[in-house]
1. For S97, only one of the following conditions fails: (1) polar (S, T, N, Q); (2) surrounded by fewer than 20 Cβ atoms within 10 Å (Cβ to Cβ); (3) touching a helix residue (DSSP H, G or I) at 6+ places or on another chain (Cβ under 9 Å). What is its number?
2. Run L704 past the list (1) surrounded by fewer than 21 Cβ atoms within 10 Å (Cβ to Cβ); (2) aliphatic (A, V, I, L, M); (3) over 17 Å from A25 (Cα atoms) and report the number of the one that doesn't hold.
3. Restricting to strands (runs of 3 or more DSSP E) lying wholly in segment 267-311: which have 1 or more residues that are buried (at least 20 other Cβ atoms within 10 Å of the Cβ) and of a type in the set (V, I, T)?
4. Just wondering, is there one or more residues in segment 328-341 that are among the small types (G, A, S), within 19 Å of N37 (Cα to Cα) and part of a strand (DSSP E or B)?
5. Take segment 364-394 and flag every residue that is in contact (Cβ under 8 Å) with a residue 60 or more places away in the chain and either polar (S, T, N, Q) or surrounded by fewer than 20 Cβ atoms within 10 Å (Cβ to Cβ) (or both).
6. Is it true that K529 is charged (D, E, K, R), within 37 Å of the chain's Cα centre (by Cα), within 26 Å of L473 (Cα to Cα) and surrounded by 11 or more Cβ atoms within 10 Å (Cβ to Cβ)?
7. Among the candidates Y328, Y289, single out the residue that is within 30 Å of M245 (Cα to Cα) and at pLDDT 85 or above.
8. Go through (1) assigned to a loop (DSSP other than H, G, I, E, B); (2) farther than 18 Å from A546 by Cβ and name the single condition H633 misses.
Amino acid sequence: MIKKAIFTLIYIFATIGTIFAQQQAIGNWRSHLSYHNVTYTEPAGEIIYALGNNGLFSYNTDDTSIQCYEKANPLTDTEITHIAYSKEYKTLIIIYSDKNIDLLVNNRDVYNLPDYMNKDIQSKDIYHIHLAKEYAYLSTSFGLVILNLKKKEISNAYILNKKVNACSLDDNKIYAATNEGLFTGVLTDNLLDINNWKKVSDISYTYLSMYNDNLIGYINSQGIYLINKQDYSYSQLTGGYYNSMKTYADKLIATNNNSAVIFNDINNKNYFSSNEFEIAHLSYNNGVYWAGGYKDGLIGLKINESDKTFEKIMSNIIPNSPIRNLPYFIKFEGERMFVTGGGLTKQILNNKGTIMTFENNTWDYFQEDGITELTGARYRNITSIAEDPRDSKHHFASSIGEGLYEFYDKKFKKLYRLDNSPLESALPNDPYRAEYVWVNGLVYDNNQNLWMLNCTPYHQIHILDKNNKWISLHYSEIGNPPNFEHALFDRRGWLWAAATYEDRGGLFCLNHKGTLEDALDDQHKFMTKFTNQDGIILNYSIYCIAEDKDGAIWIGTNQGPLVITNPSKVFDDDFYCTQIKIPRNDGTNLADFLLANTLIKTIVIDGANRKWIGTEYEGVYLLSEDGMETIHHFTAENSPLLSNNISSIDIHPRTGEVFIGTSKGLISYQSDATEGGEQLSEDAYAYPNPVKSDYTGVITVTGLVRDTNVKITNTSGKLIYSGTSVGGQFTWNGRNLQGNKVSSGIYFVLAADKDGKQGIATKIVIIR
């Protein structure tokens with residue numbers, strides 16, 4: 001009977017498996033990096049490796065599968081600058097921007113060589129990789145570093161005390177193209193001794209390559225040259241500018257944007273071009289040319305001999321991914337996540353307008369092409385987005401620079417700016433004032449009115465009400481803080497807005513009392529300084545705000561968090577904030593302020609009322625509900641986190657997956673907390689289910705009420721395990737109260753809410 005029940009439940013779970021197939025296991029990480037801008041391709045037999053936005057993926061020409069290679073899965077780092085493949089040793093050499101080195105062997109095993117990264121050298125830049133037998137020669141800012149691919153180690157370094165652009169070898173010599181000219185060394189000599197290197201030419205070559213036993217060099221902006229290996233004279237093979245040059249089998253290929261020159265032998269070259277796409281890099285393998293497209297991903301090409309053009313045979317080979325690694329702002333609207341790619345720093349003020357969506361594990365993006373032509377304004381620096389509560393296809397997006405964009409069904413509809421709205425310029429007297437309409441912090445109130453922050457002008461707040469009428473608000477105490485960034489409405493309907501600037505920033509609170517156009521009855525306050533619970537005045541810079549599930553307002557500053565535990569008293573004279581003190585527990589009776597001296601960029605509240613803290617330099621903290629306990633501290637050093645510089649965080653409300661925007665791209669972590677429902681329902685489910693013998697993670701029950709009391713029993717009603725949900729989610733390690741693994745069978749999940757109402761939330765099948 002038990003077997004029959006098990007098979008019955010297996011059938012039931014199989015029928016709903018498609019709904020929850022993408023649910024991540026607790027503690028899992030996954031990267032969401034962009035691969036659209038392919039800048040380099042590297043054939044490796046049936047596998048073609050490609051660098052897209054400094055991330056690595058591969059395309060299998062046999063089965064057309066695509067594989068992404070990410071930090072910790074299986075790589076050790078992120079932001080790749082160079083790759084090269086050794087066919088003899090089936091090894092892909094991977095160089096990272098921080099000069100870390102990985103060897104990917106057999107497309108599976110990774111060997112990390114961190115020694116070069118860890119060397120105390122002033123400049124360690126790597127410019128080129130050359131392969132010869134079991135060695136990979138790295139051209140660096142000071143000489144050559146040699147990797148032994150057979151032993152998987154750094155074997156030597158030739159210190160030339162000059163920048164080496166590229167190198168190449170023949171049977172007898174090594175050639176080093178430096179910024180001071182061409183140097184050679186005899187391979188049988190002791191090349192560790194700089195005196196055994198000989199300068200043979202004053203010409204500074206950018207690239208070198210051996211082609212059919214000929215030494216070929218490229219001189220920047222001049223062309224490709226045949227170098228005489230006897231007297232080092234040179235003769236031009238072709239003129240022009242090229243951004244890459246490399247030998248592939250019997251071909252020498254150089255590329256330049258949408259054109260290429262291909263040598264079939266030293267005296268036989270052909271020029272090819274394309275008006276359809278730009279070519280960042282071109283390689284060759286088994287009759288197919290593999291192009292890196294700036295917009296079109298990986299492209300397979302063949303040559304049309306009649307008109308000397310490329311013909312696409314495979315195109316748009318791109319992993320499902322964001323179009324850019326620009327996760328400045330993240331926001332969930334139901335099951336759909338929005339990501340915008342703007343920002344407030346000078347380095348990214350001109351970022352191309354970017355609005356991306358992620359839903360059902362699929363990336364999409366809003367219209368970009370044609371907007372500039374329609375508006376006459378650069379489409380750039382999108383900083384926030386708001387979804388119309390009346391229509392999920394209707395969105396507004398803010399721009400630091402151009403004003404307010406309106407979209408419908410992801411298509412551009414209208415740009416609101418100086419000439420057609422009350423929006424104002426930060427530089428009203430500047431000839432280019434139309435380029436300084438700084439809008440940010442879009443948020444809808446409960447009455448379906450759209451609020452926005454207009455940085456630096458007279459009217460700091462504008463409202464586009466539900467009837468498309470504009471309302472402009474001015475508050476003299478605010479002045480003109482340049483970076484009004486974040487805004488939210490709390491449970492009382494009060495507006496909170498953070499102005500992020502060191503000497504003119506602060507926190508603004510507004511109770512408009514339901515009368516948008518009548519400011520006479522408004523309560524408002526702009527706080528540039530704060531008083532803590534000990535009466536100490538704090539002059540901190542404000543970076544973000546969040547309201548927790550108890551109604552407290554959490555403030556992220558450059559000196560850690562502040563908490564407004566009773567925000568209804570914010571307008572009172574005796575109002576103060578709380579700085580959380582963490583006891584040292586060392587017998588001194590002393591305590592330290594929570595995350596003191598830490599710059600907090602973002603705060604998000606999860607389903608268990610815990611606080612996810614994103615910092616500028618220290619990664620991500622997960623704090624307990626009251627902030628007294630650090631549950632996790634994720635950094636780039638101790639986790640797959642891409643960078644310690646965090647710009648944004650938001651959480652999928654149903655799954656609890658935490659999406660983290662970093663300076664190097666987007667990554668997510670499957671947390672153990674979800675938003676709890678209002679009451680126990682039949683929507684609760686467990687995953688994985690059934691639990692098979694090879695599964696080693698925790699079993700998760702989700703869809704519960706916050707702080708649900710959970711009991712696990714067998715079919716006889718015997719208590720196996722018990723605990724309390726974290727938010728709307730509960731985890732079980734598959735063991736009984738004695739710590740032993742439970743046997744195969746059916747297990748009931750009994751849940752009771754805070755009122756004691758109890759029922760069977762779901763069932764779990766375990767197969768050992």
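The values are calculated or read from the model by the stated rules, or taken from the named source; none is laboratory data. No experiment lies behind these values; they were computed from the predicted model shown. When we count neighbours, we look across all protein chains shown, and the Cβ atoms used for this are built from the backbone with ideal geometry, even at glycine.
1. So the condition that S97 fails would be (3).
2. The one condition L704 does not meet is (1).
3. 279-285, 297-304
4. There is no residue in segment 328-341 that is among the small types (G, A, S), within 19 Å of N37 (Cα to Cα) and part of a strand (DSSP E or B).
5. T383, D388, R390
6. Considered against the rule, which asks whether it is charged (D, E, K, R), within 37 Å of the chain's Cα centre (by Cα), within 26 Å of L473 (Cα to Cα) and surrounded by 11 or more Cβ atoms within 10 Å (Cβ to Cβ), K529 comes out as no.
7. Y289
8. Result: H633 passes all but (1).
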